[in-house]
Every structure is written in C-alpha cells, then in structure tokens.
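Asks: First, the structure itself, so that you have it in front of you.
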Amino acid sequence: MAEYMDAGARELHAETSIYKCPGCGADMVFDPKSQKLRCEHCGTEKSLNALGDVRPIEYIEGAAGDDGWDAETAVFCCPNCGGKEVIARGEIAKSCPFCGATHVISTAEIAGIKPNAVVPFFITEQDARSSFHQWIKKRWFVPNALKKQAKIVKASGVYSPTWIFDCSASCDYEGRLGEYVTRTVGSGKNRRTVTEIRWFRVSGTYDMDYADLMVEASPQITQKELNAVKPFSLDRAVVYEKGYLAGFAAEHYDKSVDDAWSDSERIIEEDLRSRIKSAYGADVVDYLNLSVVYTGRRYRYTLVPLYLANYAFKEKKYRFIVNGTTGKVTGKVPRSPLKITFFVLGLLAILIGIGALISMNGGL
C-alpha cells in the first residue's frame with residue numbers, strides 16, 4: 001500500500017540521527033544509571049546537552065500545530081495491534097513494545113508535535129523486571145508457575161506521550177446535598193432504628209490551583225493505567241533532547257492538546273465536586289451545578305518513561321507496566337482457581353469455628 005514504506009527504503013531518505021561511539025564507531029544508547037549516552041561495546045560515555053529549564057507553554061485553544069518532530073524521528077506501526085511508536089531516524093523497530101509482534105513497518109506518517117519536555121528513564125530494563133518479579137510475588141492468587149516464569153519476562157522501554165496542565169480554577173456552585181441521620185421510631189416490639197437523608201441547599205465559591213495534572217495522550221496506555229503507576233519524577237524533567245530516545249522508543253500520541261484540555265476540565269470538575277461535598281460533610285448529592293472559570297492555563301507536552309511487557313500464560317496474553325523512574329508496577333495477572341478455592345474454604349472454616357465457639361458459650 002502507498003501509505004506504508006519499506007523500512008530500508010525509508011532509511012535511504014532519512015538523515016541518520018543514531019549516535020555513534022567516538023571510540024569504536026558502535027551505536028550508543030541512553031543509559032538510565034549515568035544519564036549519559038553509553039556505548040555498550042566499549043563503555044565510552046557521552047554527556048547530553050543541558051538545554052535549560054522546562055518552560056510551560058501558554059494554552060490557547062487551537063494554537064498547537066501538528067508538526068515539528070518528523071525531522072529527527074520516524075513513525076513505525078504494528079499491523080497486529082495498531083500501536084504506533086516514534087523512534088530516532090535511522091533506527092529500526094525490531095518488535096512492537098505493546099503486543100510483542102516482530103513484523104513492525106515504517107510509515108510515511110509525520111511524528112507530530114515535538115515534545116518540549118522529557119522525564120528520562122532512571123531505572124534499567126533489568127530493574128523493571130526485578131520490580132515486576134517482586135510485585136507478582138505479593139499477588140496471593142497468582143499461579144506459582146507464573147511466579148517462576150516472571151524471572152525471564154523481557155520489557156521494552158517506551159516514552160508515553162502526556163499533556164501536563166497547570167491552571168487556577170474559580171468555581172461558583174449551587175446545589176442540594178444530603179447527610180444520613182438515624183433516629184429511633186416505634187415502641188415495644190416495633191421499636192427500630194431508621195436511616196434518613198437530611199437535605200440542605202448550598203451555594204458559594206470554591207477556588208483551587210492545579211499543578212502537574214497529567215492527561216494521557218496514548219492509544220495504548222489508558223488514563224487508569226497511567227494513574228496506577230504515578231507519580232513520575234516530574235521535578236527531574238528536562239528539555240527534550242533526541243538523545244534520550246537512543247535505545248528507546250516514544251509512543252505516537254492520538255489526542256490533541258485541545259482534547260486533552262477537555263479531559264482535564266472533566267477531571268478538575270470531578271475533583272471540585274468531591275471537595276465541595278467533603279467541605280459540607282455531605283454523604284449524598286442530589287445535584288450540584290458548577291460554573292468554572294480557568295486562568296493561567298499552561299501545558300507541557302512531556303514524554304514519561306514506561307517499561308512494557310507482554311507475556312503469555314496458558315494461551316492467554318497479559319501485560320504489565322512499570323514506571324521508568326520509580327519502578328512502580330501495574331498490570332493484569334491470571335488467577336489460580338485452586339488457591340482461591342483453598343482461601344474460600346479456609347475462610348468458611350474460620351467462620352464455622354467462630355460460630356461454634358459462640359454457640360458453646362451460650363451466645364454473646
């Protein structure tokens with residue numbers, strides 16, 4: 001198809017941006033431990049350029065253009081899962097980091113907006129596998145066979161695209177909240193306790209400053225997964241430099257800054273509702289209308305580091321994700337029916353034992 005180009009042909013038209021070792025000529029990769037480019041062949045290291053502090057960009061709806069990154073990167077697409085990754089020009093994507101497929105092809109698609117910040121990897125792939133191994137050992141109902149298999153699961157380092165917003169929110173609100181109250185009614189045998197809701201109306205203004213509000217822009221990583229491995233070391237973010245991609249890949253975003261801001265508005269309004277409800281000590285909400293004015297809206301298009309791994313267990317595929325700065329893990333794992341059965345039976349035995357003791361002592 002005309003939409004796709006052979007990886008080799010694409011290289012002929014691309015100026016290479018692979019970093020060559022000045023000592024032996026081999027390819028250099030970014031080393032999370034030293035935060036430098038390192039030659040895995042001879043050990044030579046090279047520092048990356050320090051480009052100053054990351055400067056947030058003022059958010060103006062519709063102002064961000066979809067260009068600026070394709071001069072130094074190329075987009076590869078996985079025909080199996082549809083995942084798209086961005087790597088340095090001249091490199092070849094050996095396999096898909098999202099599903100593990102090996103047939104990944106170069107496309108003519110532009111890489112999009114150039115990131116203005118990157119949180120580098122601070123742990124290695126070996127560290128990520130160790131974190132996964134420790135994490136899975138703590139999962140009670142995981143089959144023992146998987147715990148042994150976890151030692152050999154390989155992970156791929158991928159920078160995930162995120163929009164990070166800062167803003168101030170001034171919220172006028174009015175609504176009807178309620179709290180649970182209990183009272184005793186009836187007499188004699190009909191005496192009982194009932195729970196009712198006492199409703200009351202509220203109105204006022206609630207102001208809140210928000211910083212480092214992360215909205216995922218990835219088609220392969222969900223907001224829930226991103227939240228599960230937070231926090232990232234955003235205070236260690238640096239101005240984007242293509243050298244941080246050496247040996248790693250960056251996922252191609254599928255969410256514009258405008259769409260991401262719409263998501264952040266929903267996140268903020270949900271947070272404001274929760275804070276207002278809590279401020280009144282309310283248990284339930286009948287309705288709560290908000291009118292929010294945002295000021296000081298700024299964003300950073302930031303690449304955050306993740307290790308991804310897909311593994312198969314009894315013909316089913318699972319995936320785990322590791323935060324590339326802290327080693328925090330999230331993912332789905334199979335469950336052992338045998339362990340669950342023993343747990344339920346053990347719990348029932350304890351409950352039966354407690355019941356028997358109560359019966360022997362004539363009740364409470």
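Asks: Please specify each residue of the stretch 234-293 satisfying the condition of being assigned to a strand (DSSP E or B) and not β-branched (Val, Ile, Thr).
Replies: 249, 250, 251, 286, 287, 288, 289, 290, 291
Quick grid of which residues meet (1) of a type in the set (Ser, Thr, Tyr); (2) in contact with a helix residue (DSSP H, G or I) (Cβ under 7 Å, 6 or more places away or on another chain); (3) at pLDDT below 95; (4) farther than 29 Å from residue 33 by Cβ:
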| residue | (1), (2), (3), (4) |
| --- | --- |
| 173 | yes, yes, no, yes |
| 183 | no, no, yes, yes |
| 194 | no, no, yes, yes |
| 203 | yes, no, no, yes |
| 222 | yes, no, yes, yes |
| 225 | no, no, yes, no |
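Asks: For residues in the stretch 200-233 being outside any strand (DSSP E or B), over 19 Å from residue 122 (Cα atoms) and among the charged types (D, E, K, R), which is nearest to the chain's Cα centre (by Cα)?
Replies: Out of the qualifying residues, it is 225.
Asks: Testing residue 213 on (1) of a type outside the set (D, E, K, R); (2) under 30 Å from residue 244 (Cβ atoms); (3) touching a Lys or Arg at 6+ places or on another chain (Cβ under 9 Å), one condition comes back false. Which one is that?
Replies: (3)
Asks: May I pose another question? Could you list, in sequence order, the residues of the stretch 174-232 that are of a type in the set (Gly, Ala, Ser) and in contact with a Leu (Cβ under 6 Å, 6 or more places away or on another chain)?
Replies: 175 - this is the single residue of the stretch 174-232 that is of a type in the set (Gly, Ala, Ser) and in contact with a Leu (Cβ under 6 Å, 6 or more places away or on another chain).
Asks: Continuing with the same structure: For the stretch 28-54, give me each residue that is farther than 15 Å from residue 248 by Cβ and not hydroxyl-bearing (Ser, Thr, Tyr).
Replies: The answer is 39, 41, 42, 43, 45, 46, 49, 50, 51, 52, 53, 54.
Asks: Here are some residues: 236, 297, 273. Which one is more than 22 Å from the chain's Cα centre (by Cα) and within 20 Å of residue 57 (Cα to Cα)?
Replies: Answer to the selection: 297.
Asks: Could you look through the stretch 29-49, keep only residues that are hydrophobic (A, V, I, L, M, F, W, C) and farther than 20 Å from residue 127 by Cβ, and pick out the one that is modelled with the lowest pLDDT?
Replies: 48
Asks: Still on this structure, please answer the following. Quickly run through the stretch 175-210 and pick out the residues that are in contact with a Gly (Cβ under 8 Å, 6 or more places away or on another chain) and in contact (Cβ under 8 Å) with a residue 24 or more places away in the chain.
Replies: Once the filter is applied, which keeps residues that are in contact with a Gly (Cβ under 8 Å, 6 or more places away or on another chain) and in contact (Cβ under 8 Å) with a residue 24 or more places away in the chain, the stretch 175-210 yields 179, 197, 199, 200, 201, 202, 203.
Asks: Continuing with the same structure: If the Cβ limit is 9 Å and pairs must be 6+ apart or interchain, which residue in the stretch 262-281 that is more than 15 Å from residue 206 (Cβ to Cβ) pairs with which residue that is in a helix (DSSP H, G or I)?
Replies: Note: pairs meeting the criteria are 263/223; 267/223.
The values are calculated or read from the model by the stated rules, or taken from the named source; none is laboratory data. Computed from a predicted model, the values in this text were never measured in an experiment. Cβ sites come from the backbone with ideal geometry, for glycine too, and all protein chains shown count toward neighbours.
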